[in-house]
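Reviewing the structure listed below.
The values are calculated or read from the model by the stated rules, or taken from the named source; none is laboratory data. The shown structure was predicted, so the numbers you read here are calculated from the model rather than taken from an experiment. FYI the Cβ positions are ideal-geometry reconstructions off the backbone, even for glycines, and counts take in every protein chain you see.
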Amino acid sequence: MSRKIENLNFLVKPGDREKLTDYTERKAEWFFSRSFDTDGNQFIEWRDFEVFADIVTEATGRNPREDTEFVNTILAKRRPLWNELLRTCDMNGDGRISLEEWKDFWGAAADFVHQHDSLPETMKVIAKHYFHSLDVKKDGVISRDAVRRGFIQAGGSRIDADRLYAHATKRGRQFTESVYVDMFMGMVASMDEDHPSKYLLVGFPANQGASSTTVVTNDGAGSSGSITTSTESSEYQYGPRTTPPNTYRMDGAYQ
């Protein structure tokens with residue numbers, strides 16, 4: 001059964017995972033396992049969101065069995081995301097999302113990006129959800145400290161956080177929601193393994209082998225240094241759909 005979503009002509013069909021390259025499939029699997037599938041059973045279920053809420057509660061020093069109001073606040077914030085995922089990805093209607101359904105969704109979304117230079121609505125919901133989780137000051141801008149803290153809490157490295165932040169804020173730009181969504185679009189659809197949007201995938205193995213250039217950083221508190229980032233040649237320009245994977249480049253984000 002296909003699932004048509006009211007976002008232009010976005011249609012998810014069984015087998016859309018065949019539109020993925022080996023690299024984009026690995027990104028889809030990594031996002032699935034690191035962002036949603038907390039118990040590793042190859043399904044996204046509401047229970048995964050409950051486990052996440054417990055983890056966040058414990059990280060603040062609270063007991064999730066006692067501070068149920070705090071837990072319920074977290075769950076209430078994530079309920080719209082869960083509803084959107086079910087609406088789009090649960091093609092067999094069993095109330096959960098399998099890894100195969102997720103890859104069909106990712107393949108359809110990547111194809112949508114190539115055709116429309118835009119994310120389908122469900123991917124925008126996911127992207128904005130994660131942006132707002134990093135926008136700790138609620139001023140519409142992600143700080144370097146927030147990126148570092150988020151990466152470390154998720155098991156990532158500070159240097160990957162700095163790589164992400166350096167690309168997001170190059171040319172004096174602030175790390176706003178629109179920049180984050182554009183980077184998310186690249187993360188979903190790019191077939192280029194040097195594409196800097198890959199740093200949104202915290203801990204992704206492919207991030208370890210990036211080609212490099214040196215970027216001088218300053219944390220705003222007077223300390224400065226240099227980090228190694230993926231090459232500047234990976235500008236995000238959408239090429240024709242027929243461009244071979246080894247030469248495909250994207251950069252809708254940073255024009």
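Brief remarks follow.
- Test: residue in region 178-188 that is surrounded by 17 or more Cβ atoms within 10 Å (Cβ to Cβ), within 29 Å of Thr57 (Cα to Cα) and over 13 Å from the mean Cα position of the chain (by Cα): no
Results for (1) at pLDDT 95 or above; (2) assigned to a helix (DSSP H, G or I); (3) not assigned by TED's automatic domain parsing to the domain that holds Val188, shown as yes or no for each residue.
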residue	(1), (2), (3)
Asn9	no, no, yes
Lys27	yes, yes, yes
Ser33	yes, yes, yes
Asn41	yes, no, yes
Phe49	yes, yes, yes
Val56	no, yes, yes
Ala108	yes, yes, yes
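- Members of region 150-169 found to be modelled with pLDDT under 95 and either out of contact with any helix residue (DSSP H, G or I) (no Cβ under 6 Å at 6 or more places or on another chain) or outside the structural domain of Gly203 (by TED's automatic domain parsing) (or both), listed by number: Ile152, Gln153, Ala154, Gly155, Gly156, Ser157, Ile159
- Test: Arg79 is under 22 Å from Thr38 (Cβ atoms), touching a helix residue (DSSP H, G or I) at 6+ places or on another chain (Cβ under 9 Å) and either part of a loop (DSSP other than H, G, I, E, B) or polar (S, T, N, Q) (or both): no
- Long-range neighbours under 8 Å by Cβ, at least six apart or interchain, first residue touching a residue at least 40 places away in the same chain (Cβ under 8 Å) within region 152-173, second surrounded by fewer than 13 Cβ atoms within 10 Å (Cβ to Cβ): Gln153/Ala59
- Meets criteria (among the aromatic types (Phe, Trp, Tyr), surrounded by 15 or more Cβ atoms within 10 Å (Cβ to Cβ) and touching an Asp or Glu at 6+ places or on another chain (Cβ under 7 Å)) for Tyr199: yes
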